[in-house]
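Here's the structure, in structure tokens; my notes come after.
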Amino acid sequence: MADNRVTFGSKLGVILATVGCAVGLGSVWRFPYMLGTNGGAAFLLVYILFTIFLGLPVMLTEFFVGRHSRSNTVGSFRKLAPGTCWSWIGYNGILAAFLILSYYAVVSGWTLEYVWQTLRGSLYGPGHADYTAGFQTFASDAFRPIFWTAAFVGLTHFVVVSGVDKGIERASKIMMPLLFIILLVMCVRSVTLPDAGEGLRYLFQPDLSKLTSSVVLSALGQAFFTLSLGMGCLITYASYFSKDTDMQATAWQVTVINTFVAVLAGIMIFPAVFSFGITPSAGAELVFITLPNVFEQLPLSFLWSLIFYILLAMAALTSTISLHEVVTAYALEEFHMTRRKAAWIVSVSVFLLGTVSSLSFGPLKEFTIGGLTFFEALDYLTAKIMLPLSGMMTCIFVGTHIDRAVLKAELTNEGSVRFRLFAIYVFFMKYVAPVAIGIVFLNELGLLAWLIG
Ligand code: PHE
């Protein structure tokens, strides 16, 4: 059965679909939100270090697991180590993908509301509310955000049901380059605002005294979240790669493009934040309350705003598709359901859980878990705990169970592409990544100080 798996149609299709999976709200919405709540440039620095030294090796390792086993996240570990507990990494990943999708769909829904408000003409022009108040009125409404969450889950459902090759590739191919261009335009507008320098300093001039254990953990979580690591997403995608997909090049390209988009998003947001007197640590709404101020400063604000939110929604869609696909692929292969049935079950449950996250911006605001709202708690649990944990275990698994020659053969397409840094990669995958992630966890729990002290 595994040999009949569909594969991506073309080389460009592979890169675009994988970039589509990685680039999304994680870079444009979550990155500025995290950077703002974690003290600025110091966060950026640690995030970039984690991306290069942990993200890349973990990504290659997931590519290996996916293509080598050619099956879904749970099936892959089962195939590579039959009868062991390693498939729990897969279950953890699928649960993480499911939980992330539930709150990611809420934020994706917000982008649709902004498309709608732009179209109706209620976002800009005389008499519009201040953008912060406007967002809060919307987000605290019991019905509207849930309606948009439902719409977004519906869109995702539609693409997932229409099949891997057609749906995903077609969606990614058109929109990604356009989003990139519009981000550039927004950056130019933002850095030419009055007092933009302060925002750029906030973004790029690290104050190392801000480096607390929670900043480091947040940066680790962001690196994993934004690269779609640790939840089986890339394992599932890699299982659709063809035998001659150059996985090393794909990993580099995805990482570089994704990081570039995040930095552009930072350049677009922070000068504007300071210029308009917004609090950088505003939280999940930061991007949504900042951007309309920038659009207002552009000629034809209506048009820019419309195109931007549509593209952002599309970028989110390529990510929700892949999150959905992880869970659906698992359900349909493990329980032998039809794709349609599996997708329905996933969509309905995601929507139900999503409503709770959505309500936690309004009616359920006071309901907190350890000081975090339901939305924040889910985000914390998945990005900062489940994803790095999965990544760590995947590295330990491959490091201890896979023969080096097998690993090298898969990552070099049986020797047809070179892998000069193979030894370094193995060192990072086997030792550096698990140890570093372990240290970050211990540190956050306060155990490191206790152990050393
Ligand atoms: N990486 C995506 C983003 O940055 C989010 C995502 C995570 C998508 C995990 C798929 C899997 O938006």
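Before moving on, here are some points about what is shown:
- Taking the conditions (1) without any contact (Cβ under 8 Å) to a residue 24 or more places away in the chain; (2) surrounded by fewer than 18 Cβ atoms within 10 Å (Cβ to Cβ); (3) part of a helix (DSSP H, G or I) in turn, Ser349 satisfies each one other than (1).
- Taking each residue of region 416-428 that is farther than 18 Å from Gly55 by Cα and looking for partners that are part of a loop (DSSP other than H, G, I, E, B) and open to solvent by less than 90 Å² (accessible area, probe 1.4 Å) with beta-carbon atoms closer than 8 Å, six or more apart or interchain, yields Val417/Asp246; Arg418/Thr412.
- Candidates Leu119, Leu112, Leu56 - the one that is in contact (Cβ under 8 Å) with a residue 24 or more places away in the chain, closer than 24 Å to Ala433 by Cα and open to solvent by 10 Å² or more (accessible area, probe 1.4 Å): Leu56
- Residues of region 228-244 classified as open to solvent by less than 10 Å² (accessible area, probe 1.4 Å) and away from the ligand (no atom under 16 Å from the Cβ), total: 1
- Condition check for Phe31: open to solvent by less than 20 Å² (accessible area, probe 1.4 Å) and more than 30 Å from Cys187 (Cβ to Cβ): no
- Matching helices (runs of 4 or more DSSP H) fully within region 151-227 where at least 2 residues are open to solvent by 40 Å² or more (accessible area, probe 1.4 Å) and modelled with pLDDT of 90 or more: 169-191, 196-204
Yes/no matrix, rows are residues, columns are (1) touching a Cys at 6+ places or on another chain (Cβ under 8 Å); (2) at pLDDT 95 or above; (3) of a type outside the set (Gly, Ala, Ser); (4) surrounded by 13 or more Cβ atoms within 10 Å (Cβ to Cβ):
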{"position": "Phe397", "(1), (2), (3), (4)": "no, yes, yes, yes"}
{"position": "Val432", "(1), (2), (3), (4)": "no, yes, yes, yes"}
{"position": "Glu444", "(1), (2), (3), (4)": "no, no, yes, yes"}
{"position": "Leu448", "(1), (2), (3), (4)": "no, no, yes, yes"}
{"position": "Ile452", "(1), (2), (3), (4)": "no, no, yes, no"}
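- Residue count for region 228-239 satisfying the condition of being outside any helix (DSSP H, G or I) and polar (S, T, N, Q): 2.
- Restricting Glu333, Glu366 to those that are away from the ligand (no atom under 16 Å from the Cβ), over 16 Å from the mean Cα position of the chain (by Cα) and touching a residue at least 60 places away in the same chain (Cβ under 8 Å) reduces the list to Glu333.
- If the condition is being crowded, with 19+ Cβ neighbours inside 10 Å and under 16 Å from Val58 (Cα atoms), then region 369-395 contributes Ala383, Lys384, Met386, Leu387, Pro388, Leu389, Ser390, Gly391, Met392, Met393, Thr394, Cys395.
- Pairs linking a residue in region 1-26 that is at pLDDT 70 or above and open to solvent by 30 Å² or more (accessible area, probe 1.4 Å) to a residue that is among the small types (Gly, Ala, Ser) and away from the ligand (no atom under 16 Å from the Cβ), with Cβ atoms under 6 Å and 6 or more positions apart or on different chains, are Thr7/Ser242.
- Wholly enclosed helices (runs of 4 or more DSSP H) of region 37-145 bearing at least 2 residues touching a Phe, Trp or Tyr at 6+ places or on another chain (Cβ under 8 Å) and hydroxyl-bearing (Ser, Thr, Tyr): 87-120
- Top-ranked residue of region 318-335 - restricted to ones that are crowded, with 23+ Cβ neighbours inside 10 Å and of a type outside the set (Val, Ile, Thr), ranked as farthest from Gly20 (Cα to Cα): Tyr330
- Test result for Phe43, under 28 Å from Gly109 (Cα atoms), in contact (Cβ under 8 Å) with a residue 40 or more places away in the chain, in contact with a Leu (Cβ under 8 Å, 6 or more places away or on another chain) and more than 15 Å from the ligand (Cβ to nearest atom): yes
- Within this structure, Ala383 passes the test of being in contact with a Gly (Cβ under 6 Å, 6 or more places away or on another chain) and under 28 Å from Ser239 (Cβ atoms).
The values are calculated or read from the model by the stated rules, or taken from the named source; none is laboratory data. Everything numeric in this text was worked out from a predicted model, so none of it was measured. Note that each Cβ is placed from the backbone with ideal geometry, even for glycine, and that neighbours are counted across all protein chains shown. Just the protein is used for accessible areas: all its heavy atoms, side chains included, with ligands, DNA and RNA removed. Shrake-Rupley method; radii C 1.70, N 1.55, O 1.52, S 1.80 Å.
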